[in-house]
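These notes concern the structure reproduced below.
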Protein chains: 2
Amino acid sequence: MFFSVTMSLDGFIAPEDPNELMGKKWVELQKWVFPQRYFRERLGLGGGGEEGPDNDLVRDTFERTGANVMGKRMFDAGEHAWPENPPFRTPVFVLTKEKRDPWERLGGTTFHFVNDGIESALDQARQAAGDRDVRISGGADTIRQYLNAGLVDEFSIALSPMLFGQGIRLFDGVDIPLEAQRVTHLNYRLPR
Amino acid sequence: MFFSVTMSLDGFIAPEDPNELMGKKWVELQKWVFPQRYFRERLGLGGGGEEGPDNDLVRDTFERTGANVMGKRMFDAGEHAWPENPPFRTPVFVLTKEKRDPWERLGGTTFHFVNDGIESALDQARQAAGDRDVRISGGADTIRQYLNAGLVDEFSIALSPMLFGQGIRLFDGVDIPLEAQRVTHLNYRLPR
(Lines give C-alpha, C1' and ligand atoms only; values in the text may rest on other atoms or scores of the structure.)
Protein backbone atom coordinates (compact mmCIF):
# COMPACT_ATOMS: atom_id res chain seq x y z
CA MET A 1 0.00 0.00 0.00
CA PHE A 2 1.32 3.44 -0.93
CA PHE A 3 0.34 7.06 -1.20
CA SER A 4 1.45 9.86 -3.44
CA VAL A 5 0.62 13.49 -2.65
CA THR A 6 1.75 17.03 -3.35
CA MET A 7 2.91 18.87 -0.22
CA SER A 8 4.06 22.44 0.38
CA LEU A 9 7.58 22.94 1.71
CA ASP A 10 6.06 23.68 5.11
CA GLY A 11 4.12 20.43 5.16
CA PHE A 12 0.56 21.27 4.09
CA ILE A 13 -1.51 19.30 1.60
CA ALA A 14 -4.98 20.87 1.90
CA PRO A 15 -6.86 23.80 3.43
CA GLU A 16 -8.64 23.42 6.76
CA ASP A 17 -11.90 24.26 5.04
CA PRO A 18 -12.66 21.96 2.06
CA ASN A 19 -14.56 24.84 0.43
CA GLU A 20 -11.20 26.53 -0.07
CA LEU A 21 -9.83 23.65 -2.15
CA MET A 22 -10.44 25.63 -5.32
CA GLY A 23 -8.78 28.71 -3.80
CA LYS A 24 -5.86 30.18 -5.71
CA LYS A 25 -2.96 28.93 -3.64
CA TRP A 26 -4.31 25.40 -3.25
CA VAL A 27 -4.85 25.11 -6.99
CA GLU A 28 -1.31 26.47 -7.37
CA LEU A 29 -0.04 23.65 -5.13
CA GLN A 30 -1.34 21.07 -7.59
CA LYS A 31 -0.52 23.01 -10.71
CA TRP A 32 2.44 20.86 -11.72
CA VAL A 33 0.08 17.98 -12.52
CA PHE A 34 -2.44 19.76 -14.75
CA PRO A 35 -0.13 20.25 -17.76
CA GLN A 36 0.86 16.56 -17.79
CA ARG A 37 -0.42 14.76 -20.87
CA TYR A 38 -1.49 11.59 -19.07
CA PHE A 39 -3.38 13.55 -16.44
CA ARG A 40 -5.13 15.69 -19.08
CA GLU A 41 -6.29 12.60 -20.95
CA ARG A 42 -7.36 10.87 -17.76
CA LEU A 43 -9.44 13.83 -16.63
CA GLY A 44 -10.75 14.68 -20.07
CA LEU A 45 -9.09 18.10 -19.98
CA GLY A 46 -8.29 18.03 -23.68
CA GLY A 47 -5.28 16.88 -25.71
CA GLY A 48 -1.65 17.90 -25.63
CA GLY A 49 0.43 18.46 -22.56
CA GLU A 50 3.91 17.72 -21.25
CA GLU A 51 5.56 14.36 -21.81
CA GLY A 52 8.64 14.57 -19.58
CA PRO A 53 9.52 12.77 -16.34
CA ASP A 54 6.60 14.39 -14.46
CA ASN A 55 4.24 12.85 -16.98
CA ASP A 56 5.91 9.43 -16.62
CA LEU A 57 5.49 9.69 -12.88
CA VAL A 58 1.79 10.52 -13.13
CA ARG A 59 1.23 7.61 -15.52
CA ASP A 60 3.21 5.17 -13.38
CA THR A 61 1.27 6.20 -10.28
CA PHE A 62 -2.10 5.59 -11.95
CA GLU A 63 -1.03 2.40 -13.70
CA ARG A 64 0.39 0.70 -10.62
CA THR A 65 -2.88 1.29 -8.76
CA GLY A 66 -5.47 -1.51 -8.77
CA ALA A 67 -7.68 -0.07 -6.01
CA ASN A 68 -7.97 3.13 -3.99
CA VAL A 69 -8.79 3.77 -0.35
CA MET A 70 -10.20 7.16 0.59
CA GLY A 71 -11.43 9.05 3.65
CA LYS A 72 -14.97 10.36 3.96
CA ARG A 73 -13.86 13.99 3.84
CA MET A 74 -12.18 13.50 0.48
CA PHE A 75 -15.15 11.61 -0.87
CA ASP A 76 -17.56 14.33 0.26
CA ALA A 77 -15.40 17.00 -1.36
CA GLY A 78 -15.26 15.06 -4.63
CA GLU A 79 -18.69 13.42 -4.84
CA HIS A 80 -20.23 16.29 -6.78
CA ALA A 81 -16.99 17.61 -8.26
CA TRP A 82 -15.65 14.51 -10.04
CA PRO A 83 -16.93 13.96 -13.56
CA GLU A 84 -19.26 11.04 -14.48
CA ASN A 85 -16.08 9.24 -15.41
CA PRO A 86 -13.87 9.84 -12.31
CA PRO A 87 -10.10 9.58 -12.71
CA PHE A 88 -9.67 6.55 -10.40
CA ARG A 89 -10.90 3.83 -12.81
CA THR A 90 -10.58 1.23 -10.08
CA PRO A 91 -12.73 0.18 -7.13
CA VAL A 92 -12.52 2.90 -4.45
CA PHE A 93 -13.08 1.97 -0.80
CA VAL A 94 -14.43 4.89 1.20
CA LEU A 95 -13.95 4.86 4.99
CA THR A 96 -17.22 6.06 6.45
CA LYS A 97 -19.86 5.47 9.10
CA GLU A 98 -22.55 5.87 6.47
CA LYS A 99 -24.16 2.67 5.18
CA ARG A 100 -24.64 2.96 1.46
CA ASP A 101 -24.79 0.66 -1.55
CA PRO A 102 -21.88 0.63 -3.98
CA TRP A 103 -21.97 3.57 -6.39
CA GLU A 104 -20.89 2.63 -9.89
CA ARG A 105 -19.60 5.34 -12.18
CA LEU A 106 -18.38 5.31 -15.76
CA GLY A 107 -14.92 4.10 -16.74
CA GLY A 108 -14.35 1.46 -14.06
CA THR A 109 -14.70 3.53 -10.88
CA THR A 110 -17.05 2.02 -8.28
CA PHE A 111 -17.20 3.50 -4.80
CA HIS A 112 -17.66 0.98 -1.97
CA PHE A 113 -18.55 2.28 1.48
CA VAL A 114 -16.67 0.52 4.27
CA ASN A 115 -17.98 0.75 7.84
CA ASP A 116 -15.64 -1.59 9.70
CA GLY A 117 -12.29 0.16 9.78
CA ILE A 118 -9.06 0.75 7.92
CA GLU A 119 -7.80 -2.84 7.96
CA SER A 120 -11.01 -4.14 6.46
CA ALA A 121 -10.87 -1.46 3.76
CA LEU A 122 -7.27 -2.43 2.98
CA ASP A 123 -8.17 -6.15 2.81
CA GLN A 124 -11.02 -5.47 0.43
CA ALA A 125 -8.86 -3.12 -1.66
CA ARG A 126 -6.05 -5.71 -1.86
CA GLN A 127 -8.44 -8.34 -3.14
CA ALA A 128 -9.86 -5.94 -5.69
CA ALA A 129 -6.40 -4.76 -6.80
CA GLY A 130 -5.20 -8.22 -7.87
CA ASP A 131 -1.57 -7.94 -8.99
CA ARG A 132 -1.53 -4.19 -8.66
CA ASP A 133 -0.95 -1.99 -5.63
CA VAL A 134 -3.42 -0.21 -3.34
CA ARG A 135 -3.19 3.58 -3.22
CA ILE A 136 -4.41 5.74 -0.37
CA SER A 137 -5.99 8.61 -2.29
CA GLY A 138 -6.23 10.78 0.83
CA GLY A 139 -6.84 12.84 2.79
CA ALA A 140 -4.23 13.51 5.41
CA ASP A 141 -6.17 11.94 8.27
CA THR A 142 -6.65 8.67 6.39
CA ILE A 143 -2.98 8.60 5.36
CA ARG A 144 -1.91 9.16 8.97
CA GLN A 145 -4.14 6.37 10.22
CA TYR A 146 -2.50 3.92 7.83
CA LEU A 147 1.00 5.25 8.60
CA ASN A 148 0.51 4.95 12.34
CA ALA A 149 -0.90 1.44 11.93
CA GLY A 150 2.27 0.39 10.07
CA LEU A 151 0.32 -0.55 6.93
CA VAL A 152 2.10 1.72 4.42
CA ASP A 153 4.96 0.20 2.39
CA GLU A 154 6.18 3.36 0.68
CA PHE A 155 5.13 6.82 -0.35
CA SER A 156 6.07 9.60 -2.70
CA ILE A 157 5.82 13.33 -2.21
CA ALA A 158 5.88 16.05 -4.82
CA LEU A 159 7.37 18.82 -2.69
CA SER A 160 6.09 22.14 -3.93
CA PRO A 161 8.21 25.30 -3.56
CA MET A 162 5.48 27.09 -1.62
CA LEU A 163 4.98 28.17 1.99
CA PHE A 164 1.37 28.26 3.19
CA GLY A 165 1.59 28.91 6.91
CA GLN A 166 -1.73 27.14 7.52
CA GLY A 167 -3.90 24.25 6.42
CA ILE A 168 -3.89 20.53 7.04
CA ARG A 169 -0.47 19.03 7.66
CA LEU A 170 0.27 15.67 6.09
CA PHE A 171 2.43 14.40 8.95
CA ASP A 172 0.82 16.06 11.96
CA GLY A 173 1.95 14.06 14.98
CA VAL A 174 3.30 11.09 13.00
CA ASP A 175 6.39 9.68 14.71
CA ILE A 176 7.49 6.53 12.90
CA PRO A 177 10.83 5.44 11.45
CA LEU A 178 11.48 5.68 7.72
CA GLU A 179 13.96 3.49 5.92
CA ALA A 180 17.44 4.98 6.14
CA GLN A 181 18.65 7.00 3.18
CA ARG A 182 20.65 10.15 2.66
CA VAL A 183 19.35 13.66 3.06
CA THR A 184 18.02 15.53 0.03
CA HIS A 185 19.53 18.96 -0.61
CA LEU A 186 17.02 21.57 -1.71
CA ASN A 187 17.62 25.18 -2.72
CA TYR A 188 15.11 28.00 -2.86
CA ARG A 189 15.28 31.66 -3.80
CA LEU A 190 13.06 34.46 -2.63
CA PRO A 191 11.66 36.76 -5.32
CA ARG A 192 13.26 40.21 -5.47
CA MET B 1 21.62 36.84 3.31
CA PHE B 2 20.94 33.11 3.38
CA PHE B 3 20.39 30.22 5.73
CA SER B 4 21.14 26.53 5.48
CA VAL B 5 19.59 24.02 7.87
CA THR B 6 18.73 20.36 8.22
CA MET B 7 14.99 19.73 8.53
CA SER B 8 12.97 16.57 9.12
CA LEU B 9 10.45 15.59 6.44
CA ASP B 10 7.70 16.85 8.74
CA GLY B 11 9.33 20.25 9.11
CA PHE B 12 11.19 20.21 12.43
CA ILE B 13 14.72 21.49 12.99
CA ALA B 14 15.13 21.35 16.79
CA PRO B 15 13.48 20.06 19.96
CA GLU B 16 11.22 22.33 22.02
CA ASP B 17 13.59 21.91 24.95
CA PRO B 18 17.20 22.87 24.12
CA ASN B 19 18.39 20.33 26.69
CA GLU B 20 17.19 17.63 24.30
CA LEU B 21 19.50 18.81 21.50
CA MET B 22 21.88 15.98 22.27
CA GLY B 23 19.03 13.47 22.36
CA LYS B 24 19.30 10.51 20.02
CA LYS B 25 16.87 11.54 17.31
CA TRP B 26 18.07 15.14 17.13
CA VAL B 27 21.67 14.00 16.77
CA GLU B 28 20.41 11.58 14.11
CA LEU B 29 18.85 14.52 12.23
CA GLN B 30 22.29 16.11 11.85
CA LYS B 31 24.19 12.90 11.34
CA TRP B 32 24.76 13.40 7.61
CA VAL B 33 27.16 16.26 8.35
CA PHE B 34 29.43 14.60 10.92
CA PRO B 35 31.18 12.21 8.52
CA GLN B 36 32.03 15.03 6.10
CA ARG B 37 35.75 15.69 5.90
CA TYR B 38 35.49 19.49 5.86
CA PHE B 39 33.16 19.50 8.86
CA ARG B 40 35.43 17.12 10.80
CA GLU B 41 38.44 19.33 10.19
CA ARG B 42 36.51 22.48 11.05
CA LEU B 43 35.26 21.05 14.34
CA GLY B 44 38.52 19.30 15.21
CA LEU B 45 36.80 15.90 15.17
CA GLY B 46 39.84 14.15 13.73
CA GLY B 47 40.99 13.37 10.21
CA GLY B 48 39.41 11.39 7.43
CA GLY B 49 35.81 11.56 6.37
CA GLU B 50 33.71 11.65 3.22
CA GLU B 51 34.70 13.78 0.24
CA GLY B 52 31.63 13.56 -1.99
CA PRO B 53 29.00 16.15 -2.91
CA ASP B 54 27.81 16.48 0.71
CA ASN B 55 31.33 17.49 1.68
CA ASP B 56 31.50 20.03 -1.15
CA LEU B 57 28.24 21.51 0.03
CA VAL B 58 29.45 21.85 3.62
CA ARG B 59 32.65 23.52 2.45
CA ASP B 60 30.84 25.87 0.06
CA THR B 61 28.42 26.87 2.81
CA PHE B 62 31.22 27.76 5.23
CA GLU B 63 33.41 29.42 2.62
CA ARG B 64 30.72 31.71 1.24
CA THR B 65 29.97 33.00 4.75
CA GLY B 66 31.71 36.19 5.89
CA ALA B 67 29.56 36.81 8.97
CA ASN B 68 26.85 35.01 10.95
CA VAL B 69 23.70 36.23 12.63
CA MET B 70 22.29 34.15 15.46
CA GLY B 71 19.38 34.20 17.92
CA LYS B 72 19.86 34.30 21.67
CA ARG B 73 18.48 30.81 22.18
CA MET B 74 21.05 29.31 19.84
CA PHE B 75 23.85 31.30 21.45
CA ASP B 76 22.80 30.19 24.94
CA ALA B 77 22.70 26.56 23.82
CA GLY B 78 26.15 26.83 22.29
CA GLU B 79 28.00 29.20 24.59
CA HIS B 80 29.35 26.44 26.80
CA ALA B 81 29.18 23.67 24.19
CA TRP B 82 31.28 25.16 21.38
CA PRO B 83 35.01 24.57 21.62
CA GLU B 84 37.50 27.40 22.32
CA ASN B 85 37.80 27.56 18.56
CA PRO B 86 34.15 27.65 17.44
CA PRO B 87 33.32 26.53 13.88
CA PHE B 88 32.07 29.94 12.68
CA ARG B 89 35.47 31.64 12.19
CA THR B 90 33.74 34.91 11.33
CA PRO B 91 32.16 37.71 13.35
CA VAL B 92 28.87 36.43 14.81
CA PHE B 93 26.09 38.92 15.60
CA VAL B 94 23.86 37.66 18.41
CA LEU B 95 20.33 39.13 18.68
CA THR B 96 19.75 39.71 22.38
CA LYS B 97 18.45 42.15 24.96
CA GLU B 98 21.57 41.52 27.03
CA LYS B 99 24.24 44.23 26.88
CA ARG B 100 27.64 42.60 26.72
CA ASP B 101 31.08 43.37 25.33
CA PRO B 102 32.27 41.48 22.27
CA TRP B 103 33.53 38.01 23.13
CA GLU B 104 36.57 37.02 21.11
CA ARG B 105 37.33 33.34 20.66
CA LEU B 106 40.13 31.49 18.88
CA GLY B 107 40.22 31.05 15.11
CA GLY B 108 38.45 34.22 14.02
CA THR B 109 35.12 33.90 15.81
CA THR B 110 34.06 37.01 17.74
CA PHE B 111 30.55 37.23 19.16
CA HIS B 112 28.96 40.70 19.04
CA PHE B 113 25.79 41.31 21.03
CA VAL B 114 23.22 43.39 19.15
CA ASN B 115 20.40 45.05 21.08
CA ASP B 116 18.69 47.11 18.38
CA GLY B 117 16.96 44.60 16.15
CA ILE B 118 17.36 42.31 13.17
CA GLU B 119 18.02 45.00 10.57
CA SER B 120 20.83 46.50 12.60
CA ALA B 121 22.36 43.05 13.07
CA LEU B 122 22.14 42.43 9.33
CA ASP B 123 23.74 45.82 8.54
CA GLN B 124 26.62 45.13 10.91
CA ALA B 125 27.01 41.60 9.56
CA ARG B 126 27.06 42.84 5.96
CA GLN B 127 29.82 45.31 6.76
CA ALA B 128 31.83 42.64 8.52
CA ALA B 129 31.29 40.10 5.73
CA GLY B 130 32.90 42.20 3.01
CA ASP B 131 32.60 40.38 -0.30
CA ARG B 132 31.14 37.31 1.29
CA ASP B 133 27.55 36.51 2.26
CA VAL B 134 25.79 36.69 5.63
CA ARG B 135 24.44 33.45 7.03
CA ILE B 136 21.63 33.18 9.55
CA SER B 137 22.98 30.40 11.78
CA GLY B 138 19.62 29.92 13.50
CA GLY B 139 17.44 29.18 15.26
CA ALA B 140 14.03 28.87 13.71
CA ASP B 141 12.62 31.99 15.33
CA THR B 142 15.46 34.15 14.03
CA ILE B 143 15.18 32.66 10.55
CA ARG B 144 11.43 33.33 10.52
CA GLN B 145 11.93 36.94 11.58
CA TYR B 146 14.28 37.52 8.64
CA LEU B 147 12.02 35.63 6.22
CA ASN B 148 8.93 37.59 7.25
CA ALA B 149 10.87 40.85 6.96
CA GLY B 150 11.78 40.00 3.36
CA LEU B 151 15.51 40.10 4.09
CA VAL B 152 16.46 36.56 2.98
CA ASP B 153 17.77 36.12 -0.57
CA GLU B 154 17.91 32.33 -0.67
CA PHE B 155 18.11 29.27 1.53
CA SER B 156 19.02 25.63 1.39
CA ILE B 157 17.51 22.73 3.26
CA ALA B 158 18.98 19.30 3.86
CA LEU B 159 15.72 17.37 4.07
CA SER B 160 16.22 14.41 6.36
CA PRO B 161 14.19 11.21 5.86
CA MET B 162 12.82 11.33 9.41
CA LEU B 163 9.44 12.05 10.98
CA PHE B 164 9.55 13.59 14.45
CA GLY B 165 5.96 14.51 15.24
CA GLN B 166 7.08 17.31 17.56
CA GLY B 167 9.68 19.98 18.09
CA ILE B 168 10.29 23.44 16.63
CA ARG B 169 9.04 23.92 13.09
CA LEU B 170 11.26 25.91 10.74
CA PHE B 171 8.38 27.51 8.82
CA ASP B 172 5.73 27.83 11.51
CA GLY B 173 3.29 30.44 10.24
CA VAL B 174 5.52 31.74 7.45
CA ASP B 175 3.39 32.68 4.42
CA ILE B 176 5.62 34.28 1.79
CA PRO B 177 6.14 33.58 -1.92
CA LEU B 178 9.17 31.62 -3.10
CA GLU B 179 10.62 31.98 -6.56
CA ALA B 180 8.79 29.70 -8.99
CA GLN B 181 10.41 26.38 -9.78
CA ARG B 182 9.23 22.83 -10.38
CA VAL B 183 8.21 20.42 -7.66
CA THR B 184 10.77 17.97 -6.27
CA HIS B 185 9.77 14.32 -6.31
CA LEU B 186 10.77 12.41 -3.19
CA ASN B 187 10.33 8.72 -2.43
CA TYR B 188 10.42 7.02 0.97
CA ARG B 189 10.07 3.44 2.15
CA LEU B 190 8.89 2.24 5.51
CA PRO B 191 11.03 -0.43 7.21
CA ARG B 192 9.54 -3.95 7.19
**Study point:** aspartates and glutamates with Cα under 13 Å of B:LYS31, excluding same-chain neighbours fewer than 8 positions away
**Key:** B:GLU50, B:ASP54
Practice item. Place the label 7 angstrom along Cα→C-beta at A:GLN145 and in each other copy, then list the distances from the first to the rest in nm, shortest first. Key: 4.4
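With a ≥ b ≥ c taken as the square roots of the eigenvalues of the C-alpha gyration tensor of the stretch A:1-109, please select rounded if a/c is under 1.5 and otherwise prolate if a/b is larger than b/c or oblate if it is not?
Numbers: a/c = 1.63, a/b = 1.18, b/c = 1.38.
Because a/c hits 1.5 or more and a/b fails to exceed b/c, the stretch A:1-109 counts as oblate.
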**Study point:** Accessible area (Å², 1.4 Å probe, nearest 10) - B:MET74
**Key:** 60
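Sorted by accessible area with a 1.4 angstrom probe, largest first, how do A:GLU119, B:GLU79 fall?
Numbers: A:GLU119 115, B:GLU79 40 Å².
Reading off the accessible areas and sorting them downward yields A:GLU119, B:GLU79.
Taking beta carbons within 10 Å but only from partner chains, what does the mean come to for residues B:3-10? Kindly include the intermediate steps, with their values, before the conclusion.
On the way: counts 0, 2, 0, 2, 5, 3, 9, 9.
If you average over the peptide's residues, the count of other-chain Cβ atoms is 4.
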Check your understanding: In square angstrom, rounded to the nearest 10, how much accessible surface does B:TYR188 have for a 1.4 Å probe?
Key -> 10
Exercise for review: Look at the axis of the rotation that sends chain B onto chain A, then give the chain B residue with the nearest Cβ and the distance in whole Å.
Suggested key: B:GLY11, 2
**Study point:** chain B, accessible surface, carbon-and-sulfur percent (1.4 angstrom probe)
**Key:** 48
Point to revise | 7 Å along Cα→Cβ, label-point gaps from B:PHE34 to other copies, nm, shortest first | key: 4.7
Check your understanding: Shielding of A:156-165 by partners, i.e. mean partner chain Cβ atoms within 10 Å per residue?
Key -> 6
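Please give the per residue accessible area of the stretch B:24-167, computed with a probe of 1.4 Å over protein heavy atoms only, in Å².
On the way: 6920 Å² over 144 residues.
The answer is 48 Å² per residue.
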Exercise for review: Could you please report the charge total around B:GLY167, scoring K, R as +1 and D, E as -1 over all other residues with beta-carbon less than 12 angstrom from its beta-carbon?
Suggested key: -4
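Could you calculate the contour length gain from A:LYS97 to A:PHE34, that is, 0.36 nm times the residue separation minus the distance between their Cα atoms, to one decimal place in nm?
Once the chain is fully extended between A:LYS97 and A:PHE34, it gains 19.4 nm.
Counting each pair of different Cα atoms once, what's the Kirkwood radius of chain B in Å, rounded to one decimal?
Details: mean 1/r = 0.0566 Å⁻¹.
In chain B this quantity evaluates to 17.7 Å.
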Point to revise | Within straight-line cross-link reach of B:LYS24, lysines at Cα separation under 26 Å, skipping those fewer than 8 residues along the same chain | key: B:LYS72
Check your understanding: Quick one: what does P(r) look like for the protein assembly as shown with 20 Å bins over all Cα pairs, in whole %?
Key -> 25, 50, 22, 3
Revision key, fill the gap. Largest fluctuation, A:GLU179, A:GLU41, A:GLU16 only, Gaussian network model of chain A with Cα springs under 10 angstrom, belongs to A:GLU179
**Study point:** Solvent-accessible surface ranking, highest first, for A:ILE118, B:ILE157 at 1.4 angstrom
**Key:** A:ILE118, B:ILE157
Practice item. Round to the nearest 10 and report in Å² the accessible area of A:HIS185, as given by a 1.4 Å probe over the protein chains' heavy atoms. Key: 60
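Ignoring ligands, DNA and RNA and using a 1.4 Å probe, state the total buried accessible area between A and B in Å², rounded to the nearest 100.
Details: alone 11680 and 11650 Å², together 18550 Å².
Answer for the A-B pair: about 4800 Å² buried.
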Point to revise | Accessible area, probe 1.4 Å, largest first, for residues A:LYS31, B:LYS24, A:LYS25 | key: B:LYS24, A:LYS31, A:LYS25
Check your understanding: Efficiency by 1/(1 + (r/R0)^6): what FRET value for A:GLU119 and B:LEU21, r their Cβ-Cβ distance, R0 = 41 Å, to the nearest 0.05?
Key -> 0.60
Practice item. May I ask you to report, in nm to one decimal and beginning with the shortest, the distances from B:ALA81 to the same position in the other copies, taking label points 7 Å along Cα-to-Cβ? Key: 4.3
Check your understanding: Do you know which residues of the stretch A:170-190 lose at least 50 square angstrom of accessible area in the protein assembly compared with their chain on its own, with a 1.4 angstrom probe?
Key -> A:PHE171, A:LEU178, A:GLU179, A:GLN181, A:ARG182, A:VAL183, A:THR184, A:HIS185, A:LEU186, A:TYR188, A:ARG189, A:LEU190
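The values are calculated or read from the model by the stated rules, or taken from the named source; none is laboratory data. From a predicted model like this one, the values you see are computed outputs, not experimental measurements. Don't worry about glycine lacking a Cβ; one is built from the backbone with ideal geometry, like all the others, and counts go over all protein chains shown. SASA here: full protein model, heavy atoms, side chains in, ligands and nucleic acids out. Shrake-Rupley method; radii C 1.70, N 1.55, O 1.52, S 1.80 Å.
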